[in-house]
Amino acid sequence: MKSVTSGTPGKPRLTTSAMIASIAAEGQKTKPAPFGHALVELARSRPEVVGLTADLGKYTDLHIFAKQFPDRYYQMGMAEQLLYGAASGMAAEGFMPFATTYAVFASRRAYDFIHQTIAEEDRNVKIVCALPGLTSGYGPSHQAAEDLALFRAMPNMTVIDPCDAHEIEQIVPAIAAHHGPVYMRLLRGQVPLVLDEYNYQFSLGRASLIRDGQDVLIISSGIMTMRALEAAKELAGDSVDVAVLHVPTIKPLDHGAILREAAKPCRLVVVAENHTIIGGLGEAIAALLMRSGVHPAFRQIALPDEFLAAGALTTLHDRYGISTAEVTRQIKGWLR
């Protein structure tokens, strides 16, 4: 959306962009374009790395790569099926494509092309997609509330939902070291820094206990790990001791870590995700617990099974229960 003027003399111009709105709170530490900068660093030592996008280089931070490696950057236009078909062909010739677009376009518009030309052929393509879950205010056309469910169902596909800039910087070389197709949710622009304070290290396929606690275990991915850590601090003021298990790799799941933490007695287990309640991390963990005979008190914080509204992100996050205040309120209610 373009800048708009308030219309009142003497008042500053108001700028709004629901499309590229930051998820960072006011005053929160951020880092600019961690994916773009990490990909540049990777490409310096990996000449097979190429970047492709469907008219969204600026909005997936791939323009940073394009500036450094213009001869390895491919602008495919507004044709996501072509984008991923070409990426598959390039991978077949020994390149390592990082192909970016919005999550809605990869998961809905180009799904069959990804399924048939990348996943079935087990091609070494990294699918990196911005605006995951409810990180856009533009309504259902741009809100990828079901992307994890769709890509989890695709054989051969590794699925990753990073929390912050610190983790994204580590994920880029990690998925390059992994041979095979990867779907990675992307946080772009000014991305919060959260996990650096916890000496966190990403490991593909591994969950990480960020903090321990006796009363509640929050199992989370993506931006909901940030919310979980914030809620844990709020709940500590009410003498509620909260553990947070961060699960950045949605597929394959770290069964051992999840079962070990969920089996600890006398803890409420809450799965928090920026995704529809259908088919994502929550249902994956619920199925794992049921199959394994582990039966804690279990709740889910997730987006509802409906088409979401358009509007300001802070308002939408409150409305749909994924803001820090709402996560805190829901957990308090379940503990009564």
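Brief remarks on what is shown
- Any hit, segment 254-271, residues being farther than 28 Å from Met154 by Cα and either open to solvent by less than 10 Å² (accessible area, probe 1.4 Å) or of a type in the set (D, E, K, R) (or both): yes
- Which listed residue is among the aliphatic types (A, V, I, L, M), out of contact with any Gly (no Cβ under 6 Å at 6 or more places or on another chain), at pLDDT 95 or above and surrounded by 17 or more Cβ atoms within 10 Å (Cβ to Cβ), from Leu316, Leu288: Leu316
- So Val242, is it in contact (Cβ under 8 Å) with a residue 24 or more places away in the chain and either open to solvent by 20 Å² or more (accessible area, probe 1.4 Å) or over 14 Å from the mean Cα position of the chain (by Cα) (or both): yes
- Some residue of segment 214-225 being outside the structural domain of Val50 (by TED's automatic domain parsing), closer than 21 Å to Asp318 by Cβ and part of a loop (DSSP other than H, G, I, E, B): yes
- Hey, Tyr59 in contact with a Gly (Cβ under 8 Å, 6 or more places away or on another chain), among the hydroxyl-bearing types (Ser, Thr, Tyr) and either closer than 26 Å to Ile322 by Cα or open to solvent by 20 Å² or more (accessible area, probe 1.4 Å) (or both) or not: no
- When segment 156-187 is filtered for residues that are part of a loop (DSSP other than H, G, I, E, B) and open to solvent by less than 30 Å² (accessible area, probe 1.4 Å), the ones remaining, listed by number, are Met157, Asp161, Pro162, Cys163, Asp164, Gly180, Pro181, Leu187.
- When Leu281 is tested against (1) open to solvent by 30 Å² or more (accessible area, probe 1.4 Å); (2) touching a residue at least 60 places away in the same chain (Cβ under 8 Å), just one condition goes unmet, and that condition is (1).
- All positions within segment 297-336 that are within 23 Å of Ile250 (Cα to Cα) and free of Cβ contacts under 8 Å to residues at least 60 places away in the same chain: Ala297, Phe298, Arg299, Gln300, Ala302, Pro304, Asp305, Glu306, Gly321
- Options Leu253, Leu245; residue that is more than 25 Å from Gly36 (Cβ to Cβ) and part of a loop (DSSP other than H, G, I, E, B): Leu253
- Restricting attention to segment 90-100, the residues that are touching a residue at least 24 places away in the same chain (Cβ under 8 Å) and more than 19 Å from Tyr59 (Cβ to Cβ) total 6.
The values are calculated or read from the model by the stated rules, or taken from the named source; none is laboratory data. This one's a predicted model, so the numbers in the text were calculated from it and none came from an experiment. A quick note on method: Cβ atoms are made from the backbone with ideal geometry, for glycine too, and the neighbour counts reach across all protein chains shown. When the accessible area is computed, the model is the full protein with side chains, heavy atoms only, and any ligands, DNA or RNA have been set aside. Shrake-Rupley method; radii C 1.70, N 1.55, O 1.52, S 1.80 Å.
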